[in-house]
Amino acid sequence: MDLSQYRVLVVDDVPLNQLLVEKMLSRYHFTVHKASNGLEAMREILVFKPNIILLDIMMPVMDGFEVIRKVRENPAYADIKIVVLSALNSNEDILKAYSLGAQDFITKPIVLDKLTNSVAKQLGIPL
């Protein structure tokens, strides 16, 4: 299945996590870009114009909560879906992510089916 028309931005400060997510999505041929922190993510959003952001919360420079806040403040980014991928798992953190505008929250370690099902659901595509 070739889903290369869908642009996915993976934002995580751990290169191995970025690689893992990219590998999980590779079977569907999504177009993937990566960022290592929130500031890089904001730059990538301007240039890459992702359909969906897979976003870690705990990162240097700008954390994931701030990224969600900034994305949701800009009407030009209203269609971008945000799925949080985080080791954080408290109800408070999950509710905060949703209240800021995330569409889904997946706790690490990431499970392939959970990730791909969430991406497909957010993009409205069958897998």
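Readers should treat all values here as calculations from the given coordinates under stated rules, not as data from a laboratory. On a predicted model such as this, the values are computed, not experimentally measured, just so you know. All Cβ positions, glycine included, derive from the backbone under ideal geometry; neighbour counts span all protein chains shown.
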- Task: Net charge near LYS34: determine it from the other residues with C-beta under 13 Å of the C-beta of LYS34, scoring Lys and Arg +1 and Asp and Glu -1.
- Result: -3
- Can you work out the PRE-style zone for LEU127? Point 7 Å along Cα to Cβ, and I want the residues of the range 25-49 with backbone N under 20 Å. 25-35
- For the range 7-118, the Cα gyration tensor yields equivalent-ellipsoid semi-axes (√(5λ), largest first, whole Å) of 18, 17, 13
- Over the range 31-70, what is the relative contact order in whole percent, taking alpha-carbon pairs under 8 Å and six or more residues apart? 45
- Query: Given a cut-off of under 8 Å on Cα pairs at least six residues apart, what relative contact order in percent is computed for the chain?
  - Reply: 21
- Note on the structure: When MET58, MET1, MET42 are ranked with the fewest other C-beta atoms within 10 Å first, the list becomes MET1, MET58, MET42
- Item | Likely footprinting exposure, LEU127, LEU16, LEU39, fewest C-beta neighbours within 10 Å first | LEU16, LEU127, LEU39
- Query: Treating the beta-carbon of each Lys and Arg as +1 and of each Asp and Glu as -1, no other charges, what is the dipole magnitude of the chain about its Cα centre, to the nearest 20 debye?
  - Reply: 280
- Simple label model, 7 Å out from Cα along Cβ direction - LYS49 to ALA87, nm: 3.6
- Message: How large is the convex hull of the C-alpha atoms of the range 1-59 per residue, in Å³?
- Response: 60
